[in-house]
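What follows is a set of notes on a single structure, which appears directly below.
Just so it is clear, none of the values below were taken in a lab; they were calculated from the coordinates. Quick caveat: nothing in here was measured; it's all calculated off a predicted structure. Neighbour counts run over all protein chains shown; Cβ positions are idealised from the backbone, glycine included.
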Amino acid sequence: KDIPGTSAVSPGSSKECAPDTESPSGTGEADYCRRILVRDAKGTIREIVLPKGLDLDRPKRTRTSFTAEQLYRLELEFQRCQYVVGRERTELARQLNLSETQV
C-alpha cells in the first residue's frame, strides 16, 4: 500500500521481530509481523514493522457526526449508566436513529 511521500521497495519478514523457532514456515522468524521497506521524499529507504493482522487495504470507517440532540441523550444515558446493553441499547439506537454500534 502506498504511503504519501514514500514508495514501497520490498515486502518481507522482519529481522526486528523476535525469532519463532516453532514457526510453521520454518524460517525462524515470527509469524505475527512483517516488514515493509519504504522510500521517503529524500530517497532514504526505511523499514516499517507492522503486525500481519493489520489490514492496510480496509477503508477507514467514517466518523459519525452526531446531532446536538443525539449527543445530549447519549451523555444523559452515559451519566445514568456507562454501559448500555441489550434492549435499552436497541431502544436508544431506534429513538436516536443510530445503529447499536454507534450507541
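Placing +1 on the Cβ of every Lys and Arg and -1 on the Cβ of every Asp and Glu, with no other charges, gives the stretch 38-87 a dipole of roughly 140 debye about its Cα centre. Seen from Val85, the other residues with C-beta closer than 12 Å to its C-beta sum to a net charge of -2, counting Lys and Arg as +1 and Asp and Glu as -1. A protection proxy built from the mean count of other Cβ atoms within 10 Å ranks the segments 78-88, 58-68, most packed first, as 78-88, 58-68.
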